[in-house]
């Protein structure tokens, strides 16, 4: 488990990856709000992988912000 501090608040959760998949699950400290995020993306080093990773992180942050509203 990890604690993630975002611009919208802090959540506890975990990330994971497997070839072609990125996972993220997190919840508020009181357990009343949660978000689960899964992306299907083949990330190949040197072929825009940093751009794809940044887009996935941005989407995860947006999901947390929506959950914590």
Would you pick out the residues in the range 18-36 that are outside any loop (DSSP other than H, G, I, E, B), in contact (Cβ under 8 Å) with a residue 12 or more places away in the chain and more than 12 Å from residue 4 (Cβ to Cβ)?
21, 22, 23, 34, 36
Residues of the range 44-68 that turn out to be more than 15 Å from the chain's Cα centre (by Cα) and touching a residue at least 24 places away in the same chain (Cβ under 8 Å), as a count
0
A careful count of residues in the range 3-17 that are loosely packed, with under 15 Cβ neighbours inside 10 Å and part of a strand (DSSP E or B) gives 6
If you go through the range 38-51 one residue at a time, do you hit one that is touching a strand residue (DSSP E or B) at 6+ places or on another chain (Cβ under 7 Å), outside any loop (DSSP other than H, G, I, E, B), surrounded by 14 or more Cβ atoms within 10 Å (Cβ to Cβ) and at pLDDT 85 or above?
yes
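The values are calculated or read from the model by the stated rules, or taken from the named source; none is laboratory data. Everything quoted here is computed from the prediction, not taken from an experiment. Here Cβ is always computed from backbone atoms with ideal geometry, including for glycine, and neighbour counts include all displayed protein chains.
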